[in-house]
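**Student:** Handing you a structure now.
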Amino acid sequence: MLKDKTIIVTGVASGIGAETAVQLKQHGAKVIGVDRNEPSVELDIFHQVDLMDAAGVADLIETLKGYNANGLANIAGVPPTAPPEVVVTVNLVALKKLTLGLVDSLADNASIVNLASLAGIGWEGEVAKIRVADDLDFDGVEAFCKTHGITAENSYFFGKQALVAWTHENRWTWRDRGIRMNAVSPGPVDTPILGDFLETLGERAEEDMRIMDRPGTAKDIAPIVAFLLSDGSVWLRGTNIASDGGMRANIDATSNGLN
């Protein structure tokens, strides 16, 4: 499905990123991995970078430009137990900086996939705040969080809401070159940071877990990312795919009076 394609994957050291790298290789792709930690999965090339490091991200962009990649999977992220400025920086600001820095060097008809979250639901009510964060840079995150009430309780939600909105916003930005952007929104996933989510998100996460038959796994999510990176998804543009065992459907149905 991905034979002869070169795909950049962030967050390859664990969880969904690691499983995505494995499955992309199985589909014939050349995988260039990025993470702050050493990966345990087979990659063609690996770059060790902390996405909190603005200079490191800038250097990474210049390095990755040379690959003329066919796809970018933005999977790296931190859980809501991290300080708010770290959550917003890694999950939103660094992701956007890397993507926008690379997009001109991507091959025509390339695919960009953002790993969002069920936590991104309700982004429509946060558009004003999301607009303020449009041009946010590394050195402005702390002040932004203080000014706009981004706290430990809502930083993860805000980052994912802004990412879903950004994906929709860029549905046609690069269509003159055939470059598309889509997102995948998992619900609770059984990865090394599942405990962090349950600890921080509290009652909401517990309710999700009660309704679901089981948490998702990296193997549930990675095939969707792989599909969005393949030529079979060329007519999906600006789409946010809910991969959550039916949780988004449940929320939409019950909030509108359906059983």
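**Student:** What do you reckon, is residue 254 modelled with pLDDT of 95 or more, farther than 24 Å from residue 155 by Cβ and either open to solvent by less than 50 Å² (accessible area, probe 1.4 Å) or of a type in the set (S, T, N, Q) (or both)? Steps first, answer last, please.
**Tutor:** Working: modelled with pLDDT of 95 or more: no; farther than 24 Å from residue 155 by Cβ: yes; either open to solvent by less than 50 Å² (accessible area, probe 1.4 Å) or of a type in the set (S, T, N, Q) (or both): yes.
In short, no.
**Student:** Against the condition over 23 Å from residue 182 (Cβ atoms) and over 12 Å from the mean Cα position of the chain (by Cα), how does residue 58 come out, does it pass?
**Tutor:** Values: over 23 Å from residue 182 (Cβ atoms): yes; over 12 Å from the mean Cα position of the chain (by Cα): yes.
Spelling it out, residue 58 is indeed over 23 Å from residue 182 (Cβ atoms) and over 12 Å from the mean Cα position of the chain (by Cα).
**Student:** Just checking, does the stretch 1-8 include any residue being part of a helix (DSSP H, G or I) and surrounded by 23 or more Cβ atoms within 10 Å (Cβ to Cβ)? Give the steps one after another, and end with the answer.
**Tutor:** Filtering the stretch 1-8 down to residues part of a helix (DSSP H, G or I) leaves none.
No; the residues of the stretch 1-8 include none that is part of a helix (DSSP H, G or I) and surrounded by 23 or more Cβ atoms within 10 Å (Cβ to Cβ).
**Student:** With the checklist (1) hydrophobic (A, V, I, L, M, F, W, C); (2) under 18 Å from the mean Cα position of the chain (by Cα); (3) farther than 23 Å from residue 155 by Cα in hand, flag the one item residue 98 doesn't pass.
**Tutor:** Residue 98 satisfies every listed condition except (3).
**Student:** Return a yes/no flag: does the stretch 118-134 have any residue that is of a type in the set (Val, Ile, Thr) and more than 15 Å from residue 158 (Cβ to Cβ).
**Tutor:** To start, the set of residues in the stretch 118-134 that are of a type in the set (Val, Ile, Thr) comprises 121, 127, 130, 132.
Those left that are additionally more than 15 Å from residue 158 (Cβ to Cβ): none.
No, that holds for no residue.
**Student:** Now a separate question. Of (1) in contact (Cβ under 8 Å) with a residue 40 or more places away in the chain; (2) open to solvent by less than 10 Å² (accessible area, probe 1.4 Å); (3) over 26 Å from residue 1 (Cβ atoms); (4) aliphatic (A, V, I, L, M), residue 24 satisfies all except one. Which?
**Tutor:** (3)
**Student:** Tell me, please, whether a residue that is in a helix (DSSP H, G or I), out of contact with any strand residue (DSSP E or B) (no Cβ under 8 Å at 6 or more places or on another chain) and touching a residue at least 60 places away in the same chain (Cβ under 8 Å) can be found in the stretch 58-81.
**Tutor:** Let us first name the residues in the stretch 58-81 that are in a helix (DSSP H, G or I), namely 58-67.
If we keep only those that are out of contact with any strand residue (DSSP E or B) (no Cβ under 8 Å at 6 or more places or on another chain) too, we end up with 58-59, 61-62, 65-66.
Going one step further and asking which of them are touching a residue at least 60 places away in the same chain (Cβ under 8 Å), we end up with none.
Within the stretch 58-81, none of the residues are in a helix (DSSP H, G or I), out of contact with any strand residue (DSSP E or B) (no Cβ under 8 Å at 6 or more places or on another chain) and touching a residue at least 60 places away in the same chain (Cβ under 8 Å).
**Student:** When you scan the stretch 97-111, do you find a residue that is more than 23 Å from residue 162 (Cα to Cα), free of Cβ contacts under 8 Å to residues at least 24 places away in the same chain and part of a helix (DSSP H, G or I), even just one?
**Tutor:** Looking through the stretch 97-111, none of the residues is more than 23 Å from residue 162 (Cα to Cα), free of Cβ contacts under 8 Å to residues at least 24 places away in the same chain and part of a helix (DSSP H, G or I).
**Student:** Does residue 99 meet the test of being over 17 Å from residue 183 (Cα atoms) and of a type in the set (Ser, Thr, Tyr)?
**Tutor:** Spelling it out, it is not the case that residue 99 is over 17 Å from residue 183 (Cα atoms) and of a type in the set (Ser, Thr, Tyr).
**Student:** Still on this model: For the stretch 223-251: of the residues being among the charged types (D, E, K, R) and at pLDDT below 95, which is farthest from residue 106 (Cα to Cα)? Don't jump to the end; show me each part of the working.
**Tutor:** Taking the stretch 223-251 and keeping what is among the charged types (D, E, K, R), we get 231, 237, 244, 248.
Applying the additional criterion that residues be at pLDDT below 95 yields 244, 248.
Values: 244: 30, 248: 32 Å.
It comes out as 248.
**Student:** Which condition does residue 68 not pass, out of (1) open to solvent by less than 70 Å² (accessible area, probe 1.4 Å); (2) modelled with pLDDT of 95 or more; (3) out of contact with any Gly (no Cβ under 6 Å at 6 or more places or on another chain); (4) not hydroxyl-bearing (Ser, Thr, Tyr), if it passes all the others?
**Tutor:** Condition not satisfied by residue 68: (1).
**Student:** Can I ask one more? Checking residue 151 against (1) over 21 Å from residue 84 (Cβ atoms); (2) surrounded by fewer than 22 Cβ atoms within 10 Å (Cβ to Cβ); (3) among the hydroxyl-bearing types (Ser, Thr, Tyr), which test does it fail?
**Tutor:** Among (1) over 21 Å from residue 84 (Cβ atoms); (2) surrounded by fewer than 22 Cβ atoms within 10 Å (Cβ to Cβ); (3) among the hydroxyl-bearing types (Ser, Thr, Tyr), the lone unmet condition for residue 151 is (1).
**Student:** Say we look at the stretch 227-249 and pick out the residues that are part of a loop (DSSP other than H, G, I, E, B) and closer than 20 Å to residue 29 by Cβ; which of these is most open to solvent (accessible area, probe 1.4 Å)?
**Tutor:** 234
**Student:** So, residue 134, is that one at pLDDT 95 or above and over 15 Å from the mean Cα position of the chain (by Cα) or not? Don't jump to the end; show me each part of the working.
**Tutor:** Details: at pLDDT 95 or above: yes; over 15 Å from the mean Cα position of the chain (by Cα): yes.
For residue 134, the condition - at pLDDT 95 or above and over 15 Å from the mean Cα position of the chain (by Cα) - is met.
The values are calculated or read from the model by the stated rules, or taken from the named source; none is laboratory data. Values in this document were obtained by computation on a predicted structure and should not be read as measured data. Because the Cβ atoms are built from the backbone with ideal geometry, glycine has one as well, and the counts that use them run over all protein chains shown. For accessibility, only protein heavy atoms count, side chains too; no ligands or nucleic acids. Shrake-Rupley method; radii C 1.70, N 1.55, O 1.52, S 1.80 Å.
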